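Presented below is the structure to which this report refers.
Any read-out appearing in this document is the output of simple, stated calculations on the displayed coordinates, not a laboratory observation. Because the structure is a prediction, the values reported are computed rather than measured. Cβ placement follows ideal geometry from the backbone for every residue including glycine, while neighbour counts extend to all protein chains displayed.
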Amino acid sequence: MSRVLAVDEDDVDGPSIQSGDGEDGGDVSIGSELTAARVRADMTIEQLSAATRIRTGLLVAMEADDFSRCGGNFYARGHIRSIARVVKADPVPLLAAFDAEHAVEEEKSRREERAVVKRPSLHPARPRWAVVVGAILVGLMGWGMVRLFTLPSDIEANASKTASPTPAVTTPVAPKPTPTPTQKATPKPPPVATHVKLVLTAKGDGSYVTLRNSKGKRLFQGMVGPGVTQTVTNKGIVRVSIGVPANLVLSLNGERLRTTLYRFTVKPDGTIQKPS
């Protein structure tokens, strides 16, 4: 399974990942509350995964307000209760906020399903073969009648051509031009690389990844799960933020990129830069 994105510029900010329009600094989300509770409990993603038996990739996605990988709202509520129990947090306000956000989405999906069921199906009109065959027969009969009345004229025209042969005309051959010696072209310097092609391939459970351009525009954000290869091509630098670097294999402009950094910047010349 492979997904490809192509944009003009690329930039990645820090490891904090927000859902929706979180870049504009809105209200505190469910994912940020889960992250804050885990930090207060002094636990890492791996420790929380071992305690709740929830995969690390899914925990990272939930802390980024991405509950689509939970398998439905029922399982998402169960995961929220499990996390709250381990990190000693109150699950009631978290579940209330989750229900308030996703109740509208469930009602919208039900309306769309009902609209699809009621939508009338269109059947293509079948061709009328009798009309088609009749038109072909009429055309053949017309062609035969034309040939019947024009055949004597064709015979007379051929006989006149045979009686008076056309004299052959000899065309003089133009002299071949003298070849001009070609000058060797001066080799041009190799072009300077201006684009970044970053390929991310998941290992194990994969990792949550955010890619941004130099202006802060989000080019890709989501889970690169098992069996998934994510390709991003961008003019300019690419800033990368990875939740679990050990679960990804990176390739930059066709070359293997080995790094254990959670945040870094890749450049078109194939180098990487640590965040300042």
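Based on Cβ point charges of +1 for Lys and Arg and -1 for Asp and Glu, what charge dipole magnitude is obtained for region 201-276 about its Cα centre, in debye rounded to the nearest 20? Please list the in-between numbers first.
Working: 12 positive and 3 negative charges, 68 e Å.
Dipole of region 201-276, to the nearest 20 debye: 320 debye.
Per 0.36 nm of contour for each residue apart, how much would the distance between Val138 and Phe74 grow if the chain were fully extended, relative to their Cα-Cα spacing?
Values: separation 64, 0.36 × 64 = 23.04 nm, distance 6.89 nm.
Answer, rounded to one decimal: 16.2 nm.
For Arg85 and Gln183, compute 0.36 nm times the residue count separating them, minus their Cα-Cα distance, and round to one decimal in nm. Don't skip to the answer; put the middle values down first.
Working: separation 98, 0.36 × 98 = 35.28 nm, distance 7.99 nm.
Contour length minus the Cα-Cα distance gives 27.3 nm.
May I ask you to compute the full-extension gain from Val228 to Val28, defined as 0.36 nm times their residue separation minus their alpha-carbon distance, rounded to one decimal in nm?
68.9 nm
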